[in-house]
Structures are given as C-alpha cells and as structure tokens.
Protein chains: 2
Amino acid sequence: MIQKTRGGLCAPAGFLCGSISSGIKNPKATRLDTALIVSARPCASAATFTTNVVKAAPVLVSMDHMKTGKVRAIVLNSGNANACTGPAGLADSRRMAKAAAQRTALAPEQVVVGSTGRIGVSMPIARIEDGISRIRLSRGKSRACAQAIMTSDTFPKEIALSVKTRSGTFHIGGIAKGAGMIDPNMATMLCVVTTDALLSQAALRQAVRASVETSFNRITVDGDMSTNDTVFALANGASGIRPPAAVFQKALDTVTQSLARMIVKDGEGVSKFIEIVVRGAASPDDAKRAAEAVANSTLVKCAWAGGDPNWGRIMDALGYSGARMREDRTKIFYDNLPIVTGGTVAGTPWAKLRAVARKKEFRIVIDLAVGKSSHIVWTTDLTEEYVRLNLGE
Amino acid sequence: MIQKTRGGLCAPAGFLCGSISSGIKNPKATRLDTALIVSARPCASAATFTTNVVKAAPVLVSMDHMKTGKVRAIVLNSGNANACTGPAGLADSRRMAKAAAQRTALAPEQVVVGSTGRIGVSMPIARIEDGISRIRLSRGKSRACAQAIMTSDTFPKEIALSVKTRSGTFHIGGIAKGAGMIDPNMATMLCVVTTDALLSQAALRQAVRASVETSFNRITVDGDMSTNDTVFALANGASGIRPPAAVFQKALDTVTQSLARMIVKDGEGVSKFIEIVVRGAASPDDAKRAAEAVANSTLVKCAWAGGDPNWGRIMDALGYSGARMREDRTKIFYDNLPIVTGGTVAGTPWAKLRAVARKKEFRIVIDLAVGKSSHIVWTTDLTEEYVRLNLGE
C-alpha cells in the first residue's frame with residue numbers, strides 16, 4: 001500500500017541533506033542556490049542524463065563518476081548551468097564534486113553534480129566551494145533543497161511516499177525542478193530520488209530507466225531539450241526491506257510521475273495541463289510521433305491557450321507527424337466527447353467541446369485506428385506569457 | 001538579363017485572370033475571395049503539393065487533374081480550406097473545377113484548384129459557383145488575384161520579371177499567399193507562377209521541383225505544415241522563346257525566392273526576418289536538421305523577439321537536432337560577428353552582438369566544422385502577437 005508522507009528526500013532513513021546561498025548569480029543574494037544530498041551509508045546509485053549531444057560539464061563529470069558504482073552524494077546548484085563552458089567548465093564541475101566530497105568525507109568520484117541556469121557563463125566556483133563547505137546536513141531540509149534548485153519554477157517540487165509491503169515498510173522521496181526547455185528526453189530538468197529500500201545497483205538502474213520513460217520522457221512544454229537534464233537515484237537499503245520489483249517500480253513511478261506532472265503544471269507561462277493519448281497507432285514509434293507532433297504544434301498550443309477546441313490544427317499536426325494514419329479512420333476526443341470521427345467533424349455541440357477546452361486540465365484522445373500501439377504525452381498550452389518570459393535579456 | 005517588371009501573372013503574354021467576391025466567409029462580404037487564372041493557349045503545367053498525409057480536397061482533385069498533362073486554368077479561393085471535409089469536400093472541389101471549366105470553355109480536368117482558410121467547414125459551394133461564373137477575365141487583374149487568396153496576410157504578394165536572352169525576351173510572373181502554418185514542405189501556402197517561355201512539360205516540372213527546394217521548402221515560421229500547400233506553374237510558350245535551362249531556372253528561382261521571402265516577412269506576428277545558414281555539416285540531411293532545429297526552437301525564436309543574441313539556446317537546439325556535431329568545433333556568427341568559437345563564447349563585445357539581434361533582418365551562420373554540407377532556412381522570431389493571433393475563436 002502506497003501512502004503520501006512528509007520529509008521529501010529524507011523520508012527514507014539514512015539520508016541527510018542541506019542547502020545554502022552561495023551567491024551564484026549575485027554575491028550579495030541570499031536566495032538558496034546550492035544543495036547537497038548524501039546517503040549516510042553505502043548505496044546503490046542510478047542516473048539518466050540528457051540525450052542532447054551538447055552536454056553540460058556537470059553531466060560529463062557525473063557520467064564519469066557513475067561508472068565507479070560507488071556514488072553516495074549529489075551536489076546541485078541553480079543560477080548557472082555550466083554548459084558550453086569548455087575545459088574550464090569541466091574543471092569547475094570537478095571542483096564542485098571535490099568540495100562536496102570534503103564536506104561529506106567521501107572520495108570526489110562518489111559525488112555527482114547537477115547544475116541548472118544560464119548557459120555559457122563561467123561558474124563563480126570559489127563562492128560555490130565556500131558555500132558547499134558551509135552547508136549543514138540534517139534530516140529536515142529536503143524542501144530547502146527543492147528550493148535551492150529552482151530557476152524560473154514558481155514552487156518547489158517535492159514528494160515522499162511510505163510503501164507497506166508484506167515484509168515491512170520502506171520509503172521513497174524525491175525533488176525536482178523544471179520550467180523552461182521541458183521536452184521528452186528530459187529537459188532543463190533535475191530530479192533526485194532517494195529510497196531506503198534494498199536494491200541491487202542493477203535493479204535500481206533498470207527501475208529508473210523504465211520509470212523515466214513513463215514520466216519525464218512523457219512531458220513536453222516547448223519541445224526544447226536541455227544540455228543539463230539529469231535524474232539521480234540513490235537506494236541505501238536502510239529500511240532492510242527488499243521489495244518485489246513490481247512494488248518498487250510502482251512506488252518509483254508514482255514519485256517520478258508526480259514530479260513530472262508538477263514540472264508541466266509549472267512550465268513557463270503555462271495556463272493549462274493537457275494529457276494527449278494516442279492509441280490505435282501502427283507502431284509505438286508512430287504513436288510517439290503523433291502525440292509529440294500534436295504536443296509541440298505551436299498552432300495547436302495557441303488554440304488551447306484561447307480555449308478553442310481547434311481539431312483542424314490537430315488533424316494537420318497528425319498529418320505531418322510521420323505516423324501512418326488514414327484521415328477517414330481518425331477519431332479525436334476532448335475528454336470523452338467526440339470531436340472528429342472518420343476524419344471530419346463529429347457533431348458534438350460546440351459549446352460542450354469549448355467547455356472542455358476552457359478547463360485548466362483536460363485529455364485529448366486520438367484514435368488512429370490503424371494498429372494497436374499507444375503513447376501518452378503531458379503538455380501545456382502556449383501563452384503570450386511564455387513568450388514574454390523568454391524574450392531574454 | 002533579369003529585370004523586375006509590372007503585371008504579375010499577366011506580365012507573360014497569353015494569360016488572363018480575374019477575381020471576385022463570392023461571399024465565402026459571409027454572404028454579404030465584399031472582400032475578394034475567388035480567383036481564376038487561365039492560359040489563352042495550350043501550355044505545359046507543373047505542381048507541387050503538401051507532403052502532409054492529411055491532404056485537403058482541392059489537393060487531391062488537383063493531383064488527379066495534373067495527371068492529364070492538359071491543365072490550363074487554376075481556380076483559387078480563400079476563407080475555407082476545404083480540408084477534413086470528407087467525400088462531400090471532394091465533390092465541392094470538383095464542382096469548383098467544373099464551374100471554372102464552364103467559365104473558360106475548358107474540360108474540368110484542365111482546371112486545378114487551390115483553397116486556403118479554415119479547416120473542417122463545408123464550402124458554400126453554390127455561392128462559389130455563382131462567383132466563378134461572374135469572374136471577368138482580363139490582363140490587368142493579377143494584383144486582385146493576389147488579394148483574393150489572402151487570409152491573415154497583411155499584403156498581397158506578387159512579382160513579375162522580364163528576362164532577356166540571346167534569342168529574345170520572355171516573361172515570368174507569380175503570386176502567393178502565406179501567413180500561418182509556414183514550414184518547409186510548403187505551408188498554408190498557395191503560389192501560382194506563369195511564364196510565356198517555351199518549355200516542355202518535363203522541363204517545367206523539373207525546374208519547379210528544383211525551385212521549390214530552394215525557396216518554399218526553405219521557409220519556416222511556426223513549424224506547422226498545412227493540408228493545402230500548393231505551387232502551380234503554367235508555361236504557354238507565347239513569347240516563342242525557348243530559354244536555356246539554366247536561364248529559366250534562374251528566373252524561376254528569383255520569382256519563387258522573392259515570394260518565399262515575402263511570405264516569411266508577412267508571417268503572423270512576425271517582427272524579424274532571419275536567415276540561418278548551416279555549413280560544415282556531415283551530410284545534407286544533417287545540415288537541414290541543424291538549421292530547422294534552430295529555426296523551430298521556440299526558445300531561440302523568443303530570444304530573437306527580445307533582441308537577445310542568446311547563443312546558448314542555439315547550441316542547445318543544435319545538440320538535440322540529431323545532426324552530428326562536436327561542441328568544441330562549433331562556431332556561430334551573428335551576421336559576420338563571431339559569438340561562439342570552439343563551442344564557447346567568442347568574446348565579441350555583447351553590445352555589438354545585441355545590435356545585430358535587434359535589427360529587423362539578420363543572418364545566423366553556424367559552422368559545424370565536421371563536414372562539407374550546408375543548408376539555408378529563412379525564419380522569423382516568435383512574438384506575443386503571434387500567440388494572440390492564434391488563440392482561436
């Protein structure tokens with residue numbers, strides 16, 4: 001039985017965390033911008049990184065450190081992505097890992113690094129090292145860690161679950177940050193999951209890989225995929241409970257899907273949350289292409305912002321998605337109301353459809369009726385506010 | 001020698017055209033919405049259609065009629081795309097062709113049809129038939145035809161050239177409409193080209209295919225490709241001049257590229273025209289992917305709207321484009337100013353770069369330095385105005 005609980009990353013036994021203001025964006029700022037999470041005992045570790053060819057320095061350093069299989073601590077910062085910063089940036093990420101290792105009495109290779117913020121700006125590494133050295137670790141600071149990794153996020157994203165199994169109870173917790181550049185294959189998205197369940201490294205890695213597919217790889221706000229996206233997971237076994245694989249997967253999926261939904265809802269300038277379900281596709285790839293073409297169509301997203309259940313733009317996006325389809329078989333629903341059947345207007349009263357499109361949250365179901373594959377994407381509308389927030393400078 | 005001239009579609013000898021208000025959107029409206037173009041003598045014909053799987057009825061009917069090789073007239077309307085309208089829509093497009101055939105004393109199969117406007121709404125076909133029957137054909141109405149096919153366009157798009165060859169002078173003219181859903185592989189884009197040069201059907205078709213690649217397939221405003229995109233070309237030989245292939249190609253490319261640029265500049269809510277040149281790519285496909293990823297990144301486009309030469313977002317888009325690249329080799333320029341070298345900041349004073357990004361028109365050159373292929377895309381910024389125009393209802 002899965003129940004929500006408090007404590008975020010520290011709901012699981014044997015984890016400590018803390019955060020501080022290193023003054024990354026501005027030496028005088030007091031905003032939390034640096035976080036450290038550590039397992040008090042050896043643990044299994046897993047990570048998933050951006051598939052962007054342009055990988056930020058912390059991603060490259062963390063990929064390297066993950067290979068040791070001995071990671072126990074995670075150091076994170078906001079305000080600077082340390083991306084496109086060349087060899088100096090790599091050295092800075094290594095210095096962050098080293099500073100965190102000194103603070104936690106671990107080897108630098110046991111620390112992984114996550115950074116989010118502006119691209120192409122050098123890190124104020126001395127201030128960050130100083131900040132890390134001053135972080136106080138405790139069991140009550142998960143929320144402050146969630147705050148420290150926020151960029152344009154409007155609220156900290158945190159969750160914790162207690163999971164009762166036949167042999168006893170384990171806990172799992174997580175924090176995440178999202179906002180801009182949210183797309184499948186991760187995003188400017190950082191996520192940390194901790195659990196006191198007992199799992200082998202292989203089991204944890206497989207569970208995380210699978211869970212990312214049905215959570216973070218399902219979300220898209222603007223179709224841009226960032227250079228820094230990372231999910232870290234640590235499992236330290238402190239509960240002594242070795243859950244059945246399916247039970248752990250369910251708990252992990254609940255954590256990642258909850259955080260992914262929070263990220264979408266907190267997307268820049270977002271006013272609506274939309275679940276797109278494509279079914280009846282000729283292949284899983286086709287289902288994905290169709291769902292993502294609709295989710296990333298600026299015209300479709302603008303219509304949603306206006307509360308317009310514009311099905312023509314959806315048909316158009318399906319048509320260029322590359323998914324096999326037959327116009328005369330295609331069905332589209334807003335929530336449960338048919339809007340398209342046989343490729344043309346279904347006849348549901350427009351006022352009813354508009355009422356759905358004006359809700360804060362609704363579901364589009366697209367039945368291509370040419371096969372058996374399906375795919376789900378969570379997305380948003382595209383608002384004037386989004387553009388305003390991204391005008392830059 | 002190529003020179004601009006007047007007369008648009010009727011600058012070439014032996015073409016007549018006219019337009020009328022059929023009251024397509026509103027029976028009482030007086031806005032021009034229906035146009036007819038006809039060659040007074042047999043001619044070669046060519047067409048390129050949307051690659052969207054969802055093809056509008058006029059596209060399907062025109063594809064069919066093109067097979068006869070005897071097309072001599074083109075009938076166009078705005079206000080209704082006749083897309084996603086099922087068998088009834090097909091019948092309506094055939095009725096349009098038939099009405100135009102009666103008006104011009106041709107067979108219905110000698111007429112092709114183009115429609116643009118709202119998707120999924122039945123055509124007021126009786127009003128359109130009546131309108132077509134009342135169109136007066138003359139040699140002075142090209143501009144009125146350009147007006148009749150406008151939707152959210154803010155100005156009519158028209159061009160004409162006189163081309164002096166060793167054996168004499170021929171003419172070529174064109175009209176187009178653009179605005180929303182502008183993407184490579186055409187767009188809600190209609191274009192008609194006429195010429196009095198003497199060409200075989202095969203030569204015209206090859207020239208048009210090649211020309212579309214370096215003009216309409218080079219433009220992208222919002223990444224959405226429409227169900228109705230069509231280019232029609234008629235060559236009636238009335239000048240008696242049979243130009244060398246390269247001369248005709250150059251003239252045709254001048255027409256299509258001029259119209260394509262007008263379409264981009266008139267994109268919905270557009271404030272800037274940006275040429276993206278990718279060179280040094282490992283393959284032509286890679287060059288295309290890289291250029292289009294940058295051109296379609298909402299984050300990059302928002303930064304341009306704000307006059308921010310944000311190179312981090314460009315690097316990010318290149319990284320997820322799928323094009324082979326090496327971060328440490330990548331160079332980016334705003335006009336001729338380096339902004340990125342070796343994957344990181346080049347050191348040009350920011351004020352100079354910002355001055356470029358604030359211009360109404362500039363060029364981004366991206367040198368991937370991993371191969372020899374290149375690609376050019378013409379695109380725009382993404383403004384709040386764009387979103388406002390596309391909120392629907």
- Residues of segment B:367-391 that turn out to be within 14 Å of another protein chain (Cβ to nearest Cβ), open to solvent by less than 30 Å² (accessible area, probe 1.4 Å) and of a type outside the set (A, V, I, L, M), as a count: 6
- Item | Matching residues, segment B:363-393, being within 21 Å of the chain's Cα centre (by Cα), over 14 Å from B:ALA303 (Cα atoms) and in a strand (DSSP E or B) | B:ARG363, B:HIS375, B:ILE376, B:VAL377, B:TRP378
- Message: Looking at A:VAL38, A:VAL121, A:VAL53, can you tell me which residue is under 29 Å from B:ARG313 (Cα atoms) and within 22 Å of the chain's Cα centre (by Cα)?
- Response: A:VAL53
- Which condition number in (1) within 11 Å of chain A (Cβ to nearest Cβ); (2) open to solvent by less than 10 Å² (accessible area, probe 1.4 Å); (3) touching a residue at least 60 places away in the same chain (Cβ under 8 Å) is the one that B:THR330 fails? (3)
- Item | Matching residues in segment B:80-105 - criterion: being of a type in the set (A, V, I, L, M) and part of a helix (DSSP H, G or I) | B:ALA88, B:LEU90, B:ALA91, B:MET96, B:ALA97, B:ALA99, B:ALA100, B:ALA101
- Evaluate segment B:18-36: report whether one residue or more is within 14 Å of chain A (Cβ to nearest Cβ) and not hydroxyl-bearing (Ser, Thr, Tyr). no
- Can you name the residue in segment A:38-58 that is in contact with a Gly (Cβ under 6 Å, 6 or more places away or on another chain) and within 11 Å of chain B (Cβ to nearest Cβ) and, of all such residues, is surrounded by the fewest Cβ atoms within 10 Å (Cβ to Cβ)? A:VAL53
- Message: So, in segment A:303-337, exactly how many residues are assigned to a loop (DSSP other than H, G, I, E, B) and β-branched (Val, Ile, Thr)?
- Response: 1
- Query: Which members of segment A:317-327 meet the condition of being at the interface with chain B (Cβ under 7 Å from one of its Cβ atoms), under 29 Å from the mean Cα position of the chain (by Cα) and open to solvent by 10 Å² or more (accessible area, probe 1.4 Å)?
  - Reply: A:TYR320
- Would you be able to tell me the number of residues in segment B:157-170 that are touching a Gly at 6+ places or on another chain (Cβ under 9 Å) and closer than 25 Å to B:LYS265 by Cβ? 5
- Item | Number of the exception - B:TRP304 against (1) within 15 Å of A:THR227 (Cα to Cα); (2) facing another protein chain (nearest Cβ under 9 Å) | (1)
- Could you tell me whether A:VAL61 is among the hydrophobic types (A, V, I, L, M, F, W, C), crowded, with 17+ Cβ neighbours inside 10 Å and within 19 Å of A:VAL121 (Cα to Cα)? yes
- Note on the structure: Over segment B:338-351, the set of residues assigned to a loop (DSSP other than H, G, I, E, B) and small (Gly, Ala, Ser) is B:GLY342, B:GLY343, B:ALA346, B:GLY347
- Within segment A:297-314, count every residue that is of a type outside the set (Phe, Trp, Tyr) and touching a strand residue (DSSP E or B) at 6+ places or on another chain (Cβ under 8 Å). 4
- Message: Looking at the structure I just gave you, is B:SER93 farther than 22 Å from A:TRP311 by Cα, at pLDDT 95 or above and either surrounded by fewer than 23 Cβ atoms within 10 Å (Cβ to Cβ) or hydroxyl-bearing (Ser, Thr, Tyr) (or both)?
- Response: no
- Query: Only one of these conditions is not met by A:CYS84: (1) closer than 30 Å to B:ALA317 by Cα; (2) at pLDDT 95 or above; (3) crowded, with 24+ Cβ neighbours inside 10 Å. Which number is it?
  - Reply: (2)
- Sole residue being open to solvent by less than 50 Å² (accessible area, probe 1.4 Å), at pLDDT 95 or above, among the β-branched types (Val, Ile, Thr) and in contact with a helix residue (DSSP H, G or I) (Cβ under 6 Å, 6 or more places away or on another chain), chosen from B:ILE339, B:ILE314, B:ILE364: B:ILE339
- Number of positions in segment B:59-99 that are within 23 Å of the chain's Cα centre (by Cα), away from chain A (no Cβ under 14 Å) and aliphatic (A, V, I, L, M): 10
- Query: Right, B:ARG354: basic (Lys, Arg) and in a loop (DSSP other than H, G, I, E, B) or not?
  - Reply: no
- Task: Return a yes/no flag: does segment B:344-359 have any residue that is within 11 Å of chain A (Cβ to nearest Cβ), buried (at least 17 other Cβ atoms within 10 Å of the Cβ) and farther than 22 Å from A:VAL387 by Cα.
- Result: yes
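The values are calculated or read from the model by the stated rules, or taken from the named source; none is laboratory data. Everything numeric in this text was worked out from a predicted model, so none of it was measured. All Cβ positions, even for glycine, are placed from backbone atoms using ideal geometry, and neighbour counts span all protein chains on display. These accessible areas exclude ligands, DNA and RNA; they are computed on the full protein's heavy atoms, side chains included. Shrake-Rupley method; radii C 1.70, N 1.55, O 1.52, S 1.80 Å.
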